[in-house]
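First up is the structure itself, then whatever we jot down about it.
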Amino acid sequence: MTAGTMALFVAATLFQLAGASILPATRGMTAPWPSLAVFACYAIGLICMARLVVSGVNLSLLIPIITLAIIIGSVVVGLAIYGDSPSPMKLAWLAGAVICMGLSFTA
């Protein structure tokens, strides 16, 4: 994996995570500036993903890894910024999903 590919992967992940993190500020997409920021973040993230696919990154590998990174990042943002309080059951389900995803890459 080249440095450019890794940079695109990180950018795609961070922009999509930023878009998801800004969603509460949109107040149901009624606040114009936060809503525009969400659209911009998702658009840039998708452009990065499209560039990754064009560069030869396997789509069946790209989507699950980015999805998992966004899910974990969203949990961290929810806890750190929005004061979410996850139940042990939610954390157990998240850990189970991470384990299943990891196991699926070895098959």
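Values computed for the structure shown
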| item | result |
| --- | --- |
| Residue that is farthest from Gln16 (Cα to Cα) [pool: residues in the stretch 81-103 that are among the small types (Gly, Ala, Ser) and exposed (fewer than 10 other Cβ atoms within 10 Å of the Cβ)] | Ser87 |
| Complete set of residues in the stretch 85-95 that are more than 26 Å from Ala11 (Cα to Cα) and among the small types (Gly, Ala, Ser) | Ser85, Ser87, Ala92 |
| Single condition Tyr82 does not satisfy, out of (1) farther than 15 Å from Ala12 by Cα; (2) touching a Ser or Thr at 6+ places or on another chain (Cβ under 7 Å); (3) in contact (Cβ under 8 Å) with a residue 40 or more places away in the chain | (2) |
| Residue in the stretch 4-14 that is touching a residue at least 12 places away in the same chain (Cβ under 8 Å) and among the hydroxyl-bearing types (Ser, Thr, Tyr) present | yes |
| Filter pass, Pro64 being within 24 Å of Gly102 (Cα to Cα) and surrounded by fewer than 17 Cβ atoms within 10 Å (Cβ to Cβ) | yes |
| Flag for Ile44 being touching a Phe, Trp or Tyr at 6+ places or on another chain (Cβ under 6 Å) and aliphatic (A, V, I, L, M) | yes |
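Every number in this text was worked out from the coordinates using simple rules, so none of it is lab data. A quick note: this is a predicted structure, and the numbers were derived from the prediction, not measured. We place every Cβ from the backbone using ideal geometry, glycine too, and count neighbours over all the protein chains shown.
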